[in-house]
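Notes follow once the structure below has been shown.
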Amino acid sequence: AQSVTQLGSHVSVSEGALVLLRCNYSSSVPPYLFWYVQYPNQGLQLLLKYTSAATLVKGINGFEAEFKKSETSFHLTKPSAHMSDAAEYFCAVSGTGGYQKVTFGTGTKLQVIP
Amino acid sequence: EAGVTQFPSHSVIEKGQTVTLRCDPISGHDNLYWYRRVMGKEIKFLLHFVKESKQDESGMPNNRFLAERTGGTYSTLKVQPAELEDSGVYFCASSQDRGSYNEQFFGPGTRLTVL
């Protein structure tokens, strides 16, 4: 069984400030981990993924996340927030192997304050 | 290349009515998934098709939900009869079969409101 916990349903940051969205996972098998983003009125877009290669993963739009097995965490960061980063972010986990359903967290809405 | 498309984008129906949601996956993607997000909660897996066959339907909430994928192309998800708790956003995703990791590409979702 797998699960994901995202701390904070809403996060507000000032433009230019560090973005940190927290995610902890639980998995009985080695996981694949993902961050998805949903901009208003759009579908889910893959931001970045961890698939057992490098533990520090870089994604689109300057985001990155670090897989920490000892802490079962996969926090998402961005050094400097931009107004266009305002969206809802979902952490997700799946098992490895080709046909794996994705288990999502409850999402974190990021507000960027000018 | 066109992404995953879903129709309609919004649907408002009354309790007891029937609604059919459609998903067109990316061309050539054998895997098709349905997910649902009920208001304020997590996005939950409903089922997975490989071509026209149901590979995993463990997330289907009850027998009021019927998913089909005739011919292994587009898929429909029918809710009959709809209940208030069926309101939410229904996402479809598709992926290729490439072995150990198959990225799922998501559609924009269908927002269903049951009154």
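The values are calculated or read from the model by the stated rules, or taken from the named source; none is laboratory data. On a predicted model such as this, the values are computed, not experimentally measured, just so you know. In this analysis, Cβ positions are derived from the backbone assuming ideal geometry, glycine residues included, and neighbour counts consider all displayed protein chains. Please note that ligands, DNA and RNA were not included when accessible areas were found on the heavy atoms of the full protein model with its side chains. Shrake-Rupley method; radii C 1.70, N 1.55, O 1.52, S 1.80 Å.
Screening B:LEU66 with (1) away from chain A (no Cβ under 11 Å); (2) at pLDDT below 95; (3) closer than 28 Å to A:SER3 by Cα; (4) loosely packed, with under 15 Cβ neighbours inside 10 Å gives one miss only, at (2). Could you check region A:71-86 and list, in sequence order, the residues that are open to solvent by less than 20 Å² (accessible area, probe 1.4 Å) and under 24 Å from B:LYS44 (Cα atoms)? Matches in region A:71-86: A:SER73, A:PHE74, A:LEU76.
For every residue, the table says whether it meets (1) open to solvent by less than 50 Å² (accessible area, probe 1.4 Å); (2) in a strand (DSSP E or B).
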{"position": "B:GLY3", "(1), (2)": "yes, no"}
{"position": "B:GLN6", "(1), (2)": "yes, yes"}
{"position": "B:THR20", "(1), (2)": "no, yes"}
{"position": "B:ILE26", "(1), (2)": "yes, no"}
{"position": "B:HIS29", "(1), (2)": "yes, no"}
{"position": "B:TYR35", "(1), (2)": "yes, yes"}
{"position": "B:GLY40", "(1), (2)": "no, no"}
{"position": "B:LEU46", "(1), (2)": "yes, yes"}
{"position": "B:LYS54", "(1), (2)": "no, yes"}
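Restricting attention to region B:65-107, the residues being part of a loop (DSSP other than H, G, I, E, B) and of a type in the set (A, V, I, L, M) number 1. When B:THR20 is tested against (1) of a type in the set (S, T, N, Q); (2) over 15 Å from the mean Cα position of the chain (by Cα); (3) away from chain A (no Cβ under 14 Å), exactly one condition is not met: (2). Out of everything in region A:87-114 that is open to solvent by less than 40 Å² (accessible area, probe 1.4 Å) and free of Cβ contacts under 8 Å to residues at least 60 places away in the same chain, what residue ends up being farthest from B:VAL50 (Cα to Cα)? Across region A:87-114, the extreme among qualifying residues is A:ALA87. If you filter region A:31-65 down to residues that are farther than 22 Å from A:GLN111 by Cα and assigned to a strand (DSSP E or B), you find that the one that is modelled with the lowest pLDDT is A:PRO31.
Of all residues in region A:55-114, those satisfying the criterion of being away from every other protein chain (no Cβ under 13 Å) and among the polar types (S, T, N, Q) are A:THR55, A:ASN61, A:SER70, A:THR72, A:SER73, A:THR77, A:SER80, A:SER84, A:GLN111.
Among the residues of region A:66-88, the ones that are in contact with a helix residue (DSSP H, G or I) (Cβ under 9 Å, 6 or more places away or on another chain) and in a loop (DSSP other than H, G, I, E, B) come to 3 in all. All of (1) under 11 Å from the mean Cα position of the chain (by Cα); (2) within 11 Å of chain A (Cβ to nearest Cβ); (3) aliphatic (A, V, I, L, M) hold for B:VAL50 with one exception: (1).
Each row is one residue, and each column tells you yes or no for (1) within 14 Å of chain A (Cβ to nearest Cβ); (2) polar (S, T, N, Q); (3) open to solvent by less than 50 Å² (accessible area, probe 1.4 Å).
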position: B:THR70; (1), (2), (3): no, yes, no
position: B:THR76; (1), (2), (3): no, yes, yes
position: B:VAL79; (1), (2), (3): no, no, yes
position: B:SER87; (1), (2), (3): no, yes, yes
position: B:CYS92; (1), (2), (3): yes, no, yes
position: B:GLN96; (1), (2), (3): yes, yes, no
position: B:GLN104; (1), (2), (3): yes, yes, yes
position: B:THR110; (1), (2), (3): yes, yes, yes
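Looking only at region A:36-70, which residues are of a type in the set (S, T, N, Q) and open to solvent by 50 Å² or more (accessible area, probe 1.4 Å)?
A:ASN41, A:GLN42, A:GLN45, A:SER52, A:THR55, A:ASN61, A:SER70
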